[in-house]
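Have a look at the structure below, then the notes.
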Amino acid sequence: MNTTGCVISIENLKVELGGVSVLDIPSFCLHDKEFVSLIGPNGSGKSTLLLVLNCLLKPVAGRLTFRGDEISSRDDIFRYRRRIAMVFQEPLLFDTTVFKNVASGLKIRGTKSDEIQDRVMRYLKCFNIEHLAHRSARKLSGGESQRTSLARAFAIEPEAIFLDEPFSALDPPTRHDLTDDLERIVKDSGITTVMVTHDQSEALRMSDRLVVMNSGRIVQGGDVSA
């Protein structure tokens, strides 16, 4: 596979769980500043692919590269994870304030305190939750929790971000508002993004490219017309 221009690429990827094949993908390339949506039925392998791309699930075969460099050793994985972010269906927030949740990834990376303050407040404002900065994560609504989770991921300003159905647990009005904000933020930031979704209209609206999966394989893909 020609990986020229790929931020992340996989080749001959195979994943098995309990001896059963769950992913078999000969090739996949994610380009710089591209927004790709993975769609397909339940059990098609969409979330499993995200876990592999995030190095949270080890394949039995295949090659993962980031900007041309293969990710193979533990040190490679550690360095790679510091340059990416993932948001799950469940927000998975720490039992502390919204501010401290959003700051957590920056603190882990050794960011200076004044930059943490600026960056956290900037992304709280981007996701319209700056007024919640000092509220306990335990007292947030579902939409507020997911906004906090997204702000935490974007605050580290990753080179790629993976979104695993981030709106699936939200009611339609909340989902619509958050989709609007996410679309704007991704376009403004230019962060390379892969999102799993069951909502085809949402995918068509936000994406540069759609990838259709079924039975652990990529069965179709193409650019979204402007």
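The values are calculated or read from the model by the stated rules, or taken from the named source; none is laboratory data. A quick note: this is a predicted structure, and the numbers were derived from the prediction, not measured. Because the Cβ atoms are built from the backbone with ideal geometry, glycine has one as well, and the counts that use them run over all protein chains shown.
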| message | Suppose we filter segment 11-30 for residues that are among the acidic types (Asp, Glu) and either within 17 Å of residue 42 (Cα to Cα) or surrounded by fewer than 17 Cβ atoms within 10 Å (Cβ to Cβ) (or both); how many remain? | response | 2
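When you go through 56, 93, 49 one by one, which is the residue that is under 27 Å from residue 143 (Cβ atoms) and assigned to a helix (DSSP H, G or I)? Explain how you work it out, then say what you get.
Details: 56 fails: assigned to a helix (DSSP H, G or I); 93 fails: assigned to a helix (DSSP H, G or I).
Criteria check complete, one pass: 49.
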| request: May I ask you to list the residues in segment 70-91 that are surrounded by 13 or more Cβ atoms within 10 Å (Cβ to Cβ) and not charged (D, E, K, R)? | output: 71, 77, 80, 84, 85, 86, 87, 88, 89, 91
| field | Qualifying residue in segment 52-69 (condition: touching a Leu at 6+ places or on another chain (Cβ under 7 Å), surrounded by 15 or more Cβ atoms within 10 Å (Cβ to Cβ), closer than 30 Å to residue 205 by Cβ and not polar (S, T, N, Q)) | value | yes
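Quick grid of which residues meet (1) at positive phi; (2) surrounded by fewer than 20 Cβ atoms within 10 Å (Cβ to Cβ); (3) of a type in the set (Gly, Ala, Ser):
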{"residue": "130", "(1), (2), (3)": "no, yes, no"}
{"residue": "142", "(1), (2), (3)": "no, yes, yes"}
{"residue": "155", "(1), (2), (3)": "no, no, yes"}
{"residue": "205", "(1), (2), (3)": "no, yes, no"}
{"residue": "220", "(1), (2), (3)": "no, yes, no"}
{"residue": "225", "(1), (2), (3)": "no, yes, yes"}
| note | Inside segment 176-194, the number of residues satisfying the requirement of being out of contact with any helix residue (DSSP H, G or I) (no Cβ under 8 Å at 6 or more places or on another chain) and surrounded by 14 or more Cβ atoms within 10 Å (Cβ to Cβ) is 1
| request: Show the residue pairs that are 6+ apart or on different chains and have beta-carbon atoms under 9 Å apart, the first residue being within segment 59-75 and more than 26 Å from residue 20 (Cα to Cα), the second being among the small types (Gly, Ala, Ser) and assigned to a strand (DSSP E or B). | output: 66/9; 66/160; 68/9
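Residue-by-condition table, conditions (1) under 17 Å from residue 102 (Cβ atoms); (2) modelled with pLDDT under 95; (3) not aliphatic (A, V, I, L, M):
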{"residue": "120", "(1), (2), (3)": "yes, no, no"}
{"residue": "151", "(1), (2), (3)": "yes, no, no"}
{"residue": "154", "(1), (2), (3)": "yes, no, yes"}
{"residue": "162", "(1), (2), (3)": "no, no, yes"}
{"residue": "168", "(1), (2), (3)": "no, yes, yes"}
{"residue": "187", "(1), (2), (3)": "no, yes, yes"}
{"residue": "226", "(1), (2), (3)": "no, yes, no"}
| query | Here is a list of conditions, (1) free of Cβ contacts under 8 Å to residues at least 60 places away in the same chain; (2) part of a loop (DSSP other than H, G, I, E, B), and residue 27 meets all of them except one; can you say which number that is? | reply | (2)
| field | Qualifying positions in segment 184-221 - in contact with a Lys or Arg (Cβ under 7 Å, 6 or more places away or on another chain) and free of Cβ contacts under 8 Å to residues at least 24 places away in the same chain | value | 221
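Does segment 61-90 hold any residues that are assigned to a loop (DSSP other than H, G, I, E, B) and not β-branched (Val, Ile, Thr), and which are they? Give the steps one after another, and end with the answer.
Here is the first cut: in segment 61-90, the ones assigned to a loop (DSSP other than H, G, I, E, B) are 67-68, 71-73, 82-83, 88-90.
Listed by number, the residues that qualify are 67, 68, 72, 73, 82, 83, 88, 89, 90.
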